[in-house]
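Comments concern the structure below.
The values are calculated or read from the model by the stated rules, or taken from the named source; none is laboratory data. Not measured: the values here are computed from a predicted model. Glycine also receives a Cβ, built like all others from the backbone with ideal geometry; neighbour counts cover every protein chain displayed.
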Amino acid sequence: MRFLIVVSILATSILSNAQDVPGYSGKFNAIDRLLAPPNAYRTASGAPGENYWQQRADYKIKASIDENTNDLLGEETITYFNNSPHDLSFLWLNIEQNVNRKGNEDFGDVLGGVRDSINSLQMQYLVRPIDFPAGTDIQSIKDVNGADLPYIVNNTLLRINLPELLKSGENIIFSIKWKNYITDRAQFLLSREGYEYFPEDDNKVFLLGHWFPRMAVYNDTEGWQNKQFRRLGEFALEFGDYEVELTVPKDHIVAGTGTLINESEVLTKIQRDRMEKARKSFDEQLFIITPEEALKNEQTKKSGTKTWKFRAENVRDVAFASSRKFIWDAIAVELPTNTVMAMSFYPNEGMPVWNEESTNGVKQALEVYSEATFDYPYPVAISVNTSNIGMEFPMISFNGGRPVDGQISEQARRGMTSTIIHEVGHNWFPMIVSSDERKWMWMDEGLNTFLHQRTLAERYPQWSSTTPKDIIPFMMGDQKTLRPIMTNSDNDLLFQMGANFYQKPTVGLQMLRETIVGKELFDAAFKEYANRWKYKHPNPSDFFRTLEDGTATDLDWFFKGWFFTTETVDIELADVKWFQLKEEQAVVENKQIKGNSKRISGSGSGAKGEGFSDGPQPFTMVPTSSSTYRQFLSRLDEGQMRDQLSGKHIYELKLQNKGGLVMPVIIEWTYADGTKEVQQLPAEIWRLNEAEVTKTFLKTKEVVNVAIDPNQMLPDVNLENNVFPRPKQNDKFEEMKKD
Ligand SMILES: [Zn+2]
């Protein structure tokens, strides 16, 4: 999911150095105590174990939409396979639409309650003064012989009591009849689905998501994942095959998950011919329904209905969009192992930008994500236009953003395209790499945003994309309200979760890739994770372990700090000392004694923050006593050492960790001749003292400036203490006078 919110950040920063996390004793201690121990289901390397099991659910669904009453009537037959080693006496299914029933509007409170002035829409969110029916009515549940199965509804979850145990290894077939009240998307703050009404032409776009009762996950770590749906923690679902028949108004066009299997019954000859052409069109996107045809369609409403039939294999959900307003375009995208139809459905209100950006955005995402993980395996990838927010489903996403009076700012165009890439990207995380969204929002949003930003950076270089410095304002926020990434999905503030679950994991992965691990190894391990867990249910520990497994890099310190705490990065360059060895006059004059004992001294400075103007600091290097070498050790060639040091510069850097997070130290040296050199110290330099480190460097050239991470590869919250010599207040004043 993706929506635009203004993240309000308090300017004050309360930094704490030690956080009260169980097992967090020592930043370089093993992470083991924070993760579930490996077992036969999930191995210590992060892969599925030899006894890994997973449930499966196949669905046959028939449903119809009444566009006048907005009712959806449905009937489904579910075949549920109990692959677990346990016998089950009841089943849990999701009926998330019940969150929209009156009494569940706890979400309105995020707007801050009643104020002196509150707009009518916010008031509707808050207490719903204008009521309307919503949710799912269960009409009947029957077993394969037509006998009623008893059930209990607990808000967004439905429990079916089984007359006899569903034994391990067996399956059960049962049918549910239900009615959904399709609601106006404008009535809710986070409307993933519902209908959008267009008063100008009295038409609707129906967006069917989470619209049928579907199996909750039962697995080795959760048992039943039956936490209530509270709008933010999204979905945890099982894989299976679907056959869906949707009956809609006759002149509606339906876009949906899966392969349309009755094209000849629902598409015209012209549309089918165009589709056939599009299937071979890899360079040019073609219209299946043109803007003119869609305009005509929305003006001439036909009576009667039509049934669209779809089949989808190995998916965890299905979603559909239906309207007579749709323009439809398509292009074929060739991946190494699959040819995919990238398609978009949008009303004329989306012109002229939707035809330019949508299907192209789908294609870019398919290519970049496939390369980074595994080839997109499904036959279609669809983007449907909506008024606002973006929401993902297998093979189809509903994406917000349109021009106003045919005009769109570059920023809005970027936002819209970015949303399309993001939602298409969700096909990988969590639609295929099927993590538990209800528990860990970051596992799908974070990993997806990481690749979504990479797609933007690689395919849309003209637009900005996230880099580590973008997370600084969030990380400097009020520690009283900040929560770590490893927070359950529904337990973070609405106005912070975008930064915490989307952006912060993205930046974390960017740092691993660019700075800590390196691209080649990181990309291989990330790909390994995606391939190990495709069509399965990974947990955070499986991700952390696979990244270490695939890179031979101990990242426990990083995962602990970045994912389990709210500490910040603030490395201070506390002091720089400069030494230059200078041979004493007598020694220089008498080269014969070189190599024997003598005193080498320098002179100099380096007082805190004051610069290099006083020259190097004196010190003495005396010969190592022969007893230190012991009998069988070879001696240093002191003459050679003096040659190596002669005329060179020694710099001693004192670094302090002010933010709490240990990180690599990136040092940029600027030399007197104007050249620069960048050096990187690994995070492990902090492992003996997490607060302060002194490190000495030998340089051939004289240094005039030292800067820590000037290009902001890491989100250091305070750059002012990163530089030596520090800019003086007087210098700043002089500069201002010049302006
Ligand atoms: Zn998302």
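Please go through the range 83-98 and pick out each residue that is more than 18 Å from PRO213 (Cα to Cα) and not in a strand (DSSP E or B). Lay out the reasoning, then the answer.
Our first condition is that a residue be more than 18 Å from PRO213 (Cα to Cα); within the range 83-98, this holds for 83-89.
ASN83, SER84, PRO85, HIS86, ASP87, listed by residue number.
So which residues in the range 90-128 are at positive phi and either β-branched (Val, Ile, Thr) or modelled with pLDDT of 85 or more (or both)? The one that is at positive phi and either β-branched (Val, Ile, Thr) or modelled with pLDDT of 85 or more (or both): ARG128.
Going through (1) modelled with pLDDT of 95 or more; (2) within 28 Å of ILE95 (Cα to Cα); (3) within 16 Å of the ligand (Cβ to nearest atom) one by one, SER489 falls short only on (1).
From the list ILE421, ILE389, exactly one residue is farther than 22 Å from ALA47 by Cα, within 14 Å of the chain's Cα centre (by Cα) and either within 15 Å of the ligand (Cβ to nearest atom) or surrounded by 24 or more Cβ atoms within 10 Å (Cβ to Cβ) (or both). Which is it? Result: ILE421 is the single residue among ILE421, ILE389 that is farther than 22 Å from ALA47 by Cα, within 14 Å of the chain's Cα centre (by Cα) and either within 15 Å of the ligand (Cβ to nearest atom) or surrounded by 24 or more Cβ atoms within 10 Å (Cβ to Cβ) (or both). Taken as a whole, the structure leaves ILE382 outside the set of residues that are within 12 Å of the ligand (Cβ to nearest atom) and either at pLDDT 95 or above or surrounded by 19 or more Cβ atoms within 10 Å (Cβ to Cβ) (or both). Of all positions in the range 639-654, none carries a residue that is loosely packed, with under 12 Cβ neighbours inside 10 Å and among the β-branched types (Val, Ile, Thr). Residues in the range 431-470 that are within 16 Å of the ligand (Cβ to nearest atom) and among the acidic types (Asp, Glu): ASP436, GLU437, ASP444, GLU445. When only residues in the range 403-418 that are out of contact with any strand residue (DSSP E or B) (no Cβ under 9 Å at 6 or more places or on another chain) and aliphatic (A, V, I, L, M) count, which is nearest to the ligand (Cβ to nearest atom)? Going through the qualifying residues, I end up with ILE408.
For the range 695-722, the set of residues classified as surrounded by fewer than 17 Cβ atoms within 10 Å (Cβ to Cβ) and of a type in the set (A, V, I, L, M) consists of LEU698, VAL704, LEU719, listed by residue number.
Close contacts from the range 189-218, counting a first residue that is within 17 Å of PRO249 (Cβ to Cβ) and in contact (Cβ under 8 Å) with a residue 60 or more places away in the chain and a second that is part of a loop (DSSP other than H, G, I, E, B) and β-branched (Val, Ile, Thr), with Cβ to Cβ under 6 Å and a gap of 6+ residues or different chains, come to TYR195/ILE182. Just one of the listed residues (LEU494, LEU482, LEU456) is modelled with pLDDT of 95 or more and either within 28 Å of SER387 (Cβ to Cβ) or surrounded by 24 or more Cβ atoms within 10 Å (Cβ to Cβ) (or both), and it is LEU456.
Here PRO473 meets each of (1) surrounded by fewer than 20 Cβ atoms within 10 Å (Cβ to Cβ); (2) within 16 Å of the ligand (Cβ to nearest atom); (3) not β-branched (Val, Ile, Thr) with one exception, condition (2). Could you please find all residues in the range 434-454 being within 13 Å of the chain's Cα centre (by Cα), of a type outside the set (Lys, Arg) and farther than 17 Å from LEU232 by Cβ? Hits for the range 434-454 are LEU447, PHE450, LEU451, HIS452, GLN453.
Out of the residues in the range 330-349 that are of a type outside the set (Gly, Ala, Ser) and surrounded by 24 or more Cβ atoms within 10 Å (Cβ to Cβ), which is nearest to the chain's Cα centre (by Cα)? Out of the qualifying residues, it is MET343.
Residue-by-condition table, conditions (1) out of contact with any helix residue (DSSP H, G or I) (no Cβ under 9 Å at 6 or more places or on another chain); (2) outside any strand (DSSP E or B):
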| site | (1), (2) |
| --- | --- |
| GLN228 | no, yes |
| ARG231 | no, yes |
| GLU234 | no, yes |
| GLU243 | yes, no |
| THR247 | yes, no |
| ASP251 | no, yes |
| VAL254 | no, no |
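Contact annotation: residue pairs with Cβ atoms under 9 Å, 6 or more positions apart or on different chains, pairing a residue in the range 42-71 that is on the phi > 0 side of the Ramachandran plot with a partner that is of a type in the set (Val, Ile, Thr) and not in a strand (DSSP E or B), are GLY46/THR546; ASN70/ILE182; ASN70/THR183.
Return the only residue of ARG279, ARG231, ARG272 being basic (Lys, Arg) and touching a Leu at 6+ places or on another chain (Cβ under 9 Å). Answer to the selection: ARG231. Scanning the range 54-75 turns up at least one residue that is closer than 30 Å to LEU165 by Cα and part of a loop (DSSP other than H, G, I, E, B). Here GLN592, GLN617 are screened, and the one residue that is assigned to a helix (DSSP H, G or I), at pLDDT below 95 and over 43 Å from the mean Cα position of the chain (by Cα) is GLN592. Restricted to the range 99-128, and to residues there that are polar (S, T, N, Q) and not in a loop (DSSP other than H, G, I, E, B), the residue that is surrounded by the fewest Cβ atoms within 10 Å (Cβ to Cβ) is SER120. Screening the range 356-372 for residues that are surrounded by fewer than 24 Cβ atoms within 10 Å (Cβ to Cβ) and polar (S, T, N, Q) and picking the one that is farthest from the ligand (Cβ to nearest atom) gives ASN360.
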